[in-house]
Amino acid sequence: MLPHRSVLIIPDDEKGYELDLFCVPKHYEEDLDRVIIPHGLIMDRTERLARDIVRDMGGHHIVALCVLKGGYKFFSDLLDYIKALNQNCDKSVPLTVDFIRLKSYCNDQSTNSVKVIGGDELSTLTGKNVLIVEDIVETGRTMETLLSLLSECNPKMVKVVSLLVKRTPRGSGYRPDYMGFEVPDWFLVGYALDYNEYFRDLGHICILNEKAKVKYKV
């Protein structure tokens with residue numbers, strides 16, 4: 001396995017942590033089963049991903065493409081770590097940023113179709129080195145759709161970093177170039193991952209309980 005394919009695996013029998021061990025917003029206490037990935041662990045893993053990216057891409061001008069909305073927190077923290085490394089390492093990565101929004105979920109179910117918002121702007125990435133920053137890869141089909149659209153614009157290079165990769169029987173087999181955590185087939189919220197726009201303000205990554213799926217359903 002190549003070094004940049006390394007991933008921290010959360011096993012299926014992971015029990016997680018009780019909510020009262022962490023600072024969880026009062027308005028979400030009844031909505032969550034348990035904490036699966038505490039905020040501090042997210043940050044440590046993100047820092048390591050930044051090191052791997054600088055190691056592999058140092059010297060290239062990179063356009064960091066944030067997949068909104070769920071990727072914005074990971075994107076911001078990852079770029080902060082890359083900027084710190086740029087100031088303190090022999091290798092550095094010149095960065096510019098861009099944003100795209102993909103929509104493929106209604107409530108907790110995939111719609112099996114991908115809506116791309118901002119796709120007409122992908123032509124600006126022609127001939128450039130692109131680092132796609134995503135919050136979670138589930139079936140992989142959303143990312144495969146984006147990569148297909150990008151390929152039509154002829155970028156020089158495309159790499160994908162995802163904070164989470166879900167183990168699911170519905171998966172296409174796609175794996176990003178850089179992965180933070182491999183997680184079981186649970187519906188996770190927090191650290192900007194949402195359920196119908198709720199839970200983006202939760203610092204830890206947690207399992208959403210069944211009552212909350214009904215409570216916040218649209």
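The values are calculated or read from the model by the stated rules, or taken from the named source; none is laboratory data. These numbers were taken from a predicted model, which means no experiment stands behind them. With ideal geometry, Cβ positions are generated from the backbone for all residues, glycine too; neighbour counts draw on all protein chains shown. Remember, those area values only see protein heavy atoms, side chains included, never the ligands or the DNA or RNA. Shrake-Rupley method; radii C 1.70, N 1.55, O 1.52, S 1.80 Å.
One table, with the values for the structure above:
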quantity	calculated
Candidates per GluC sites (Glu not before Pro) in region 151-218, loop by DSSP, up to 16 other Cβ within 10 Å	GLU152, GLU197
Acute angle (nearest 10 degrees) that the helix 72-88 long axis makes with the longest principal axis of the chain, alpha-carbon atoms	50
Net length gained if the chain between LYS83 and ASN209 were fully extended (0.36 nm per residue, minus Cα distance)	41.7 nm
Mean accessible surface per residue for the chain, computed with a 1.4 Å probe while every protein chain stays in place, in Å²	49
Computed FRET value (nearest 0.05) for SER76 with HIS27, which takes r as the C-beta separation and R₀ as 22 Å	0.40
Given charges at beta-carbon only (K, R positive; D, E negative), |dipole| of the chain in Debye	480
Nearest-0.05 FRET efficiency for ASP13 and ASN154, computed from C-beta distance (R0 41 Å)	0.35
Backbone HN-Hα couplings from phi across region 12-19 [Karplus 6.51/-1.76/1.60, Hz, Gly and Pro as x]	4, 9, 4, 8, x, 10, 5, 4
Spin-label pair VAL218/SER6, simplified geometry with 7 Å Cα→Cβ offset, distance in nm	3.9
Helix-derived mean residue ellipticity, 222 nm - over the chain, DSSP H n ≥ 4, -39500 (n - 2.57), to 500	-7500 deg cm²/dmol
Antiparallel %, DSSP beta bridges [both residues in region 1-102], to 5	10
Charge dipole magnitude, Cβ of K and R +1, D and E -1 - region 124-218, Cα centre, debye nearest 20	100
With at most 16 neighbouring Cβ atoms within 10 Å, loop trypsin sites (Lys or Arg not before Pro) (DSSP) excluded, longest segment of the chain	16-90
